Amino acid sequence: MPLSIGLIGYGHFGAFLHALAQRYLPNAVLKIHSGRRKPDGILFYPLEEVAACDAVVLAVPIGAYAATLAEIGPHMTPDGIVVDIATVKKYTMELLQAARPAGPFIAMHPMFGPESYAKRGGDVTGLRIVVTGHSLTPPRYSALCQKLAAVGFSIIEKTAEAHDKDLAETLFLTHYIGQVIARGGFERTDIDTVSFGFLMDAVDSVRHDGQLFEEVCRYNPYCHKVIERFDRSDRQVRDAMLSLQPSGRDGN
């Protein structure tokens, strides 16, 4: 496992990764760089120092990947590993392969976040991490997977294209429906059914992720097809409901 880890980006997910690293890699040297305002008690390092770590985790917006890779490239060691954790994979993997043709990288997507982690009381058993590609040596990759599995994570291997297609029909669709409901002003009531509670849980988990929602749609080509499918089915259901004749006062 890496002796030093660089974390670039300290937004909502970057802070979450910091907490996970402190819990599961307490002996590693962790160096953080971010353009955001520094939270109290957190030490930020210059970019060139963070980029020189054994592994460099990119927790930046998808739209900042290309610029970030260009910035860190001159400061990375030949064996330094770039860790891509973006929500889309085909786009970022192509950037990685172009920026690090001879350097090691791994592209993965944790299928969970701080909200789901908190709801499980910090239990990571069964939480999935999708790996869509890497250029690590077999011993390095095996050691990483063993470490993740040892603490409870489940590793799933997929191609970047398969990941993006599945993600468009799952996470993006959840974001899409959640954003529609949130923007419609629908809220919880004191007579909520269990199913409505589940729906609003999903809405709450995505209502503040407007930037991620837009970036996934921009960089995942399958999202537009999902929107079109949802729109067609929505119109079918809507037309069927609106075509029903309202009942009269006599119940007919």
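Tally the residues that are among the aliphatic types (A, V, I, L, M) and surrounded by fewer than 17 Cβ atoms within 10 Å (Cβ to Cβ), restricting the search to the stretch 200-210.
Residues in the stretch 200-210 being among the aliphatic types (A, V, I, L, M) and surrounded by fewer than 17 Cβ atoms within 10 Å (Cβ to Cβ): 1 in total.
Limited to the stretch 122-134, what total is found for residues that are among the small types (G, A, S) and either surrounded by fewer than 14 Cβ atoms within 10 Å (Cβ to Cβ) or modelled with pLDDT under 95 (or both)?
2
Yes or no, residue by residue, for (1) within 18 Å of N220 (Cα to Cα); (2) touching a residue at least 24 places away in the same chain (Cβ under 8 Å); (3) not hydrophobic (A, V, I, L, M, F, W, C):
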site	(1), (2), (3)
G133	yes, yes, yes
L148	no, no, no
S154	no, yes, yes
D164	yes, yes, yes
L171	yes, yes, no
G178	no, yes, yes
I181	no, no, no
D190	no, no, yes
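Looking at E214, is it in a helix (DSSP H, G or I) and of a type outside the set (V, I, T)?
Taking the combined requirement at face value, the residue satisfies it.
Quickly run through the stretch 69-85 and pick out the residues that are in contact (Cβ under 8 Å) with a residue 60 or more places away in the chain and surrounded by 21 or more Cβ atoms within 10 Å (Cβ to Cβ).
The answer is I72, I81.
Residue by residue, here is whether (1) at pLDDT below 95; (2) exposed (fewer than 13 other Cβ atoms within 10 Å of the Cβ) holds:
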position	(1), (2)
T170	no, yes
Q179	yes, no
R188	no, no
D192	no, no
L212	yes, no
E215	no, no
R218	no, no
D239	no, yes
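Since G63 meets every condition but one in (1) buried (at least 17 other Cβ atoms within 10 Å of the Cβ); (2) farther than 22 Å from L3 by Cα; (3) of a type outside the set (D, E, K, R), which condition does it not meet?
The number of the failed condition is (1).
Kindly establish whether M93 is surrounded by fewer than 21 Cβ atoms within 10 Å (Cβ to Cβ), in contact with a strand residue (DSSP E or B) (Cβ under 7 Å, 6 or more places away or on another chain) and under 24 Å from A143 (Cα atoms).
Spelling it out, it is not the case that M93 is surrounded by fewer than 21 Cβ atoms within 10 Å (Cβ to Cβ), in contact with a strand residue (DSSP E or B) (Cβ under 7 Å, 6 or more places away or on another chain) and under 24 Å from A143 (Cα atoms).
Residues in the stretch 145-157: is at least one touching a strand residue (DSSP E or B) at 6+ places or on another chain (Cβ under 8 Å) and farther than 24 Å from F16 by Cβ?
No, the stretch 145-157 contains no residue that is touching a strand residue (DSSP E or B) at 6+ places or on another chain (Cβ under 8 Å) and farther than 24 Å from F16 by Cβ.
Could you check how many residues of the stretch 220-240 are touching a residue at least 40 places away in the same chain (Cβ under 8 Å) and not hydrophobic (A, V, I, L, M, F, W, C)?
Of the residues in that region, 4 qualify.
Please go through the stretch 28-42 and pick out each residue that is free of Cβ contacts under 8 Å to residues at least 12 places away in the same chain and over 23 Å from the mean Cα position of the chain (by Cα).
Hits for the stretch 28-42 are D40, G41.
When the residues of the stretch 1-27 are filtered to those that are loosely packed, with under 15 Cβ neighbours inside 10 Å and more than 21 Å from the chain's Cα centre (by Cα), which remaining residue is modelled with the lowest pLDDT?
M1
I'm trying to understand the selection: among the residues of the stretch 96-121, which are more than 22 Å from A168 (Cβ to Cβ), buried (at least 18 other Cβ atoms within 10 Å of the Cβ) and out of contact with any Ser or Thr (no Cβ under 9 Å at 6 or more places or on another chain)?
Of everything in the stretch 96-121, just one residue is more than 22 Å from A168 (Cβ to Cβ), buried (at least 18 other Cβ atoms within 10 Å of the Cβ) and out of contact with any Ser or Thr (no Cβ under 9 Å at 6 or more places or on another chain), namely A99.
Answer with yes or no whether G197 is more than 19 Å from the chain's Cα centre (by Cα) and modelled with pLDDT under 95.
Here the answer is no, as G197 does not meet what is asked.
Within the stretch 134-169, can you find the residues that are closer than 20 Å to L212 by Cα and not in a helix (DSSP H, G or I)?
Result: E169, single match.
Out of the residues in the stretch 87-110 that are in a loop (DSSP other than H, G, I, E, B) and free of Cβ contacts under 8 Å to residues at least 40 places away in the same chain, which is nearest to I5 (Cα to Cα)?
P104
The values are calculated or read from the model by the stated rules, or taken from the named source; none is laboratory data. What you are looking at is a predicted structure, and each value in this text was computed from that prediction instead of being measured. Note: ideal-geometry Cβ built from the backbone for every residue, glycine included; neighbour counts use all protein chains shown.
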